[in-house]
1. Quick one: count up the residues across the stretch A:53-107 that are within 14 Å of chain B (Cβ to nearest Cβ), farther than 21 Å from A:LEU9 by Cβ and loosely packed, with under 13 Cβ neighbours inside 10 Å.
2. Go over the candidates B:GLU63, B:GLU77, B:GLU32 one by one and state the one that is of a type in the set (Asp, Glu) and touching a Ser or Thr at 6+ places or on another chain (Cβ under 6 Å).
3. Any idea which residue in the stretch B:57-79 is surrounded by the fewest Cβ atoms within 10 Å (Cβ to Cβ), counting only those that are within 14 Å of chain A (Cβ to nearest Cβ) and without any contact (Cβ under 8 Å) to a residue 60 or more places away in the chain?
4. Which of the residues spanning the stretch B:22-35 are of a type outside the set (Gly, Ala, Ser) and either surrounded by 14 or more Cβ atoms within 10 Å (Cβ to Cβ) or not in a strand (DSSP E or B) (or both)?
5. Taking into account only those residues within the stretch A:1-60 that are of a type in the set (A, V, I, L, M) and in a loop (DSSP other than H, G, I, E, B), which is nearest to B:VAL40 (Cα to Cα)?
6. How many residues does the stretch A:120-143 hold that are touching a residue at least 40 places away in the same chain (Cβ under 8 Å) and either of a type in the set (Asp, Glu) or part of a strand (DSSP E or B) (or both)?
7. Do we find that B:VAL17 is part of a strand (DSSP E or B), surrounded by 15 or more Cβ atoms within 10 Å (Cβ to Cβ), within 11 Å of chain A (Cβ to nearest Cβ) and touching a residue at least 40 places away in the same chain (Cβ under 8 Å) in this structure?
Amino acid sequence: MTEGFRLDLGLIGYEDAFAVQDRIVFGRVRRGLPPVVVLQENHPVFTIGRGATRENILAPPETLQRLGISVVKVNRGGDITYHGPGQLIASPVLRLEEIGLNANEYMHSLEDLLIELLNGYGVAAEKKELYPGVWWNGRKIAAVGIAVRRGVAFHGFSLNLKLDCAPFELINPCGVPQMPVVSLHQILDNPPDFESVKRDLCAAVERRYRHRLRDITRSELERMEAS
Amino acid sequence: MKYEARVPETADGAQEVTIKRWLYQPGDRVAEGADMVEAVTEKITLYIPAPADGILSEIMVPEGTAVHVGTVVGIVEGA
């Protein structure tokens, strides 16, 4: 059992949260920082992965400005996606050697973890061949994308809990035209609240990867990084 | 002495990765462990580190090329 931390950043700008994650990855790679699972919700943003082009944004910049949606290039795999309030983003910063998986196996294990979590809520979530992520009834409910630096995996997945899915209509999500997207609150009459999902999710990470996570604040983590 | 930079084994051995971006050019000085190349699969970005302190002397695999795990992508000449 590996001891680690759960860092809940709450509602935060993507770039701010990314900088936090980047420091944690640096700490994991260079300085032996324990594993950290970073949780966050983002202000409205389209993120463009390494496999992507801006051609998959269908709306003009003026529309994005009016809707308050920013655009950020990021260093994960995958194409373009949307993040916004009501979507839980989890970024486990884990050393692949410690969990005994290669990058590809780890990415698929994140999909399995999400499917188990959603099945527990009575949602028949599943994988879809050739289309990474987690799906319900032909609609995507969670996106998965990771990066690996010197054996440390980061980024992770985004799970639509109470997300306004309308902005997805302004892009070709993950490079796929007219890909249907769904949020948990559209499936369940009484969806679990955000905090319950965070708890369940971290418990699933603990079981699957044999970690024990305790809460840490951003300032506590920064003090640990500095020491 | 020549040091080889290879696609790391953290990727699935049966899977190809595409060399997306070289972060250094031949003649540049690199530090051991620094991100030297980005390789991507559909959903995974892999950073290939410099194998030693030295000069990146040769890029064996250009950007946009698909390669397998273990492939030598570049050479660093160190002390």
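The values are calculated or read from the model by the stated rules, or taken from the named source; none is laboratory data. Remember, predicted model here, so these are calculated numbers, not experimental data. Please note: Cβ atoms are built from the backbone with ideal geometry, for glycine as well, and neighbour counts cover all protein chains shown.
1. Of the residues in that region, 3 qualify.
2. Details: B:GLU63 fails: touching a Ser or Thr at 6+ places or on another chain (Cβ under 6 Å); B:GLU32 fails: touching a Ser or Thr at 6+ places or on another chain (Cβ under 6 Å).
Exactly one of B:GLU63, B:GLU77, B:GLU32 is of a type in the set (Asp, Glu) and touching a Ser or Thr at 6+ places or on another chain (Cβ under 6 Å), namely B:GLU77.
3. The first filter runs over the stretch B:57-79 and keeps only residues within 14 Å of chain A (Cβ to nearest Cβ), leaving B:63-64, B:66, B:68-70.
Narrowing the set further to residues that are without any contact (Cβ under 8 Å) to a residue 60 or more places away in the chain leaves B:63-64, B:66.
Working: B:GLU63: 12, B:GLY64: 9, B:ALA66: 13.
The extreme case among them is B:GLY64.
4. Initially, the stretch B:22-35 is screened for residues of a type outside the set (Gly, Ala, Ser), giving B:22-26, B:28-30, B:32, B:35.
Hits for the stretch B:22-35 are B:TRP22, B:LEU23, B:TYR24, B:GLN25, B:PRO26, B:ASP28, B:VAL30, B:GLU32, B:ASP35.
5. Of all residues in the stretch A:1-60, those of a type in the set (A, V, I, L, M) come to A:1, A:7, A:9, A:11-12, A:17, A:19-20, A:24-25, A:29, A:33, A:36-39, A:45, A:48, A:52, A:57-59.
Filter once more, keeping what is in a loop (DSSP other than H, G, I, E, B): A:1, A:33, A:52, A:58-59.
Working: A:MET1: 31, A:LEU33: 26, A:ALA52: 11, A:LEU58: 24, A:ALA59: 27 Å.
So, considering only residues that are of a type in the set (A, V, I, L, M) and in a loop (DSSP other than H, G, I, E, B), the one nearest to B:VAL40 (Cα to Cα) is A:ALA52.
6. Pass one, the stretch A:120-143, residues touching a residue at least 40 places away in the same chain (Cβ under 8 Å): A:120-123, A:131-133, A:136-141, A:143.
In the following step, the residues that additionally are either of a type in the set (Asp, Glu) or part of a strand (DSSP E or B) (or both) were identified as A:131-133, A:136, A:139-141, A:143.
Qualifying residue count for the region: 8.
7. On the way: part of a strand (DSSP E or B): yes; surrounded by 15 or more Cβ atoms within 10 Å (Cβ to Cβ): yes; within 11 Å of chain A (Cβ to nearest Cβ): yes; touching a residue at least 40 places away in the same chain (Cβ under 8 Å): yes.
When the stated conditions are applied, B:VAL17 passes them.
Conditions tested, residue by residue: (1) within 14 Å of another protein chain (Cβ to nearest Cβ); (2) farther than 29 Å from A:GLU129 by Cα.
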| site | (1), (2) |
| --- | --- |
| B:ALA5 | yes, yes |
| B:VAL40 | yes, no |
| B:LYS43 | yes, no |
| B:ILE55 | no, yes |
